[in-house]
Amino acid sequence: MASRKDPRPTDTLLTPKSNDRYQMADLARLAGVSTSTVSRALAGNPLIKEATRQKIQALAQSLNYQVNQSAASLRKRDIPTMGLVIMGESKQSISDPFILSLIGHIADALDELDMNMLLTRVTPDRAKNFAALYETGQVAGLLVIGQLTNHSQLNDLYNRGTPMVVWGARMPDSHYPVVGGDNFQGGFLAGQHLVQAGCKRIAFLGDINHPEVQMRHAGFVKALTDVGQSFDPRLYMPLLFGDTALRAAIGQWIDQKIEFDGVFATSDVAALTIIAALQERGLKVPRDVKVVGYDDIPLSTHIHPTLTSIRQPTELAGRAMVALMRQRLQNADVDSITLPTTLVARESTLLT
C-alpha cells in the first residue's frame, strides 16, 4: 500500500482555519511582506508592484480572507496623513527655532492639500523604529528632517519602497530624494565674510560627521584657502547644542590662550550661546571676536549684538518637501532640490 506523503509546510499553513478568521498579519507572514504592503495590495495601490499585488490577492482568496470594513475605513482616513520625523540627538533638536519654522511651513503646505501630519522625534538609538509608521499603515509616507549619521539606513528604507523625502544634504550615493539648502555655498559665504571682516584665526563649530555640517565645513575651508589662510584644527569644536558644553569649550580656549578672532557656528542657537560665553569672559562681539551663525532664525534680530547668519528659505523648503512627496505618492520619479543660501550681515561681524 502506497504511503501518504506528508503535506508541505505551506500546505498546512494554507489550510483554512476552522474556528478563527485570518488576520492581515497572517497574510503578511505567509507572503513575506509587511502588513502595510498587504493592506495596499488588497486596495489596489499602484505603488505596490503588480506581481506582488497578484500574489497577495491570490493568497487572500485561497484563505477566504475577508477585509474588515471598519478597519479598512480607518486606513482610508489615514491615507492623507504624512509622518513627519525629526532626527535629533537631543530633546533640544525639536525645539530649535529653525526646526520649528520648517515644521510650521510643512504643516501649512500639507493643510493646503487637506492632509494631516503625525509628528515624532527619533534619536539615533531608535532610528530603526520610525519605519514602522509607514509599514503599519499609520501614514502614507515619511517626511524626514535631518540625516544625522543614518544615511545608509535611509537609503535602505527608500529602497524597500517607502515613500519618503528628506531635509538634509544630498550625498553622492543618495537614493532617496533630498530637499536642502546649498550647504557648501553657505559655508563658503560664512568663511568669506569673516575673512573680509579681517579675521585671521577663525573657529568652526559643528559636527562634521553630519552630512550638512560636513558640506558647510568644506565650503568654509575653501573660502580660507582661496586667500591663503590655513585652518587650525584646534579651533574645530564638534558640538551642535548644549549650553554647558559650549561655554566650557570657549572657556578652555581662553584659559589655554588659544587665539581666535572669528567663529563660524553651524546653527544660530549655538552662535547665540557662543556670544554669551564670550561676553561672560570679558570679550566683546564684534570688537574682539566676530561671529556668524546659520539658519537666520527670527531671534537673530532681537539680541545684542544682532547676529550675522546664513539664511535658509524655510517656507520654500516646506513646500518643496510636500510637493515631492505628492509626486512620489502619484508614483512619479522625483529629483532632489537644492535651495539657495544667502548671508545676512548684522552687528556680530560689523564694526560701527
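Just so you know, all these numbers are worked out from the coordinates, no wet-lab data involved. Not measured: the values here are computed from a predicted model. A quick note on method: Cβ atoms are made from the backbone with ideal geometry, for glycine too, and the neighbour counts reach across all protein chains shown.
For the chain, the relative contact order is 16 percent, taking Cα pairs closer than 8 Å that sit 6 or more residues apart in sequence and dividing their mean separation by the residue count.
Net charge dipole, segment 241-352: roughly 100 debye, given to the nearest 20, about the Cα centre with Cβ charges of +1 for Lys and Arg and -1 for Asp and Glu. For segment 215-293 versus segment 305-352, the spacing of their alpha-carbon centroids is 24 Å. Net charge dipole, segment 183-312: roughly 300 debye, given to the nearest 20, about the Cα centre with Cβ charges of +1 for Lys and Arg and -1 for Asp and Glu.
According to the calculation over all Cα-Cα pairs in the chain, the P(r) per 10 Å bin from zero is 5, 22, 26, 18, 12, 8, 5, 2, 1, 0, 0 %. Ordered by the number of other Cβ atoms lying within 10 Å of each residue's own Cβ, fewest first, Ser93, Ser62 fall into the sequence Ser62, Ser93. Computed extension length for Asp232-Ala323: 28.5 nm, one decimal, from 0.36 nm per residue of separation with the Cα-Cα distance subtracted. Taking every DSSP helix (H) stretch of at least 4 residues in the chain, weighting each as -39,500 (n - 2.57) and dividing the sum by the residue count yields a mean residue ellipticity at 222 nm of -13000 deg cm²/dmol. Charge tally for Trp253 (other residues, Cβ to Cβ under 9 Å; Lys, Arg +1; Asp, Glu -1): 0.
Could you work out which residue, out of Lys257, Lys222, Lys200, moves most in a Gaussian network model of the chain, that is, has the largest mean-square fluctuation with Cα springs under 10 Å? Maximum fluctuation in the GNM of the chain, among the listed residues, is at Lys257. Annotation: the residues Asp173, Asp111, Asp268, sorted from fewest to most other C-beta atoms within 10 Å of their own C-beta, follow the order Asp173, Asp111, Asp268.
Taking every DSSP bridge with both residues inside segment 183-312, close to 0 percent are antiparallel. With a Förster radius of 25 Å applied to the C-beta separation of Asn129 and Thr244, the computed FRET efficiency comes to 0.30. Against the chain, whose longest principal axis comes from its Cα atoms, helix 69-78 is set at around 20 degrees. Net charge of the neighbourhood of Leu283, taken over other residues with C-beta under 12 Å away and scored Lys/Arg +1, Asp/Glu -1, is 0. Placing +1 on each Lys and Arg Cβ and -1 on each Asp and Glu Cβ, with no other charges, gives the chain a dipole about its Cα centre of roughly 1000 debye. Taking the fewest neighbouring Cβ atoms within 10 Å as the starting point, the ordered list for Val122, Val195 is Val195, Val122. Rounded if a/c is under 1.5, else prolate if a/b beats b/c, else oblate: with a ≥ b ≥ c from the C-alpha gyration tensor eigenvalues square-rooted, which is segment 183-312? Judged from the Cα gyration tensor, segment 183-312 comes out rounded (a/c under 1.5). Only beta bridges with both residues in the chain are counted; by DSSP, about 10 percent of them are antiparallel.
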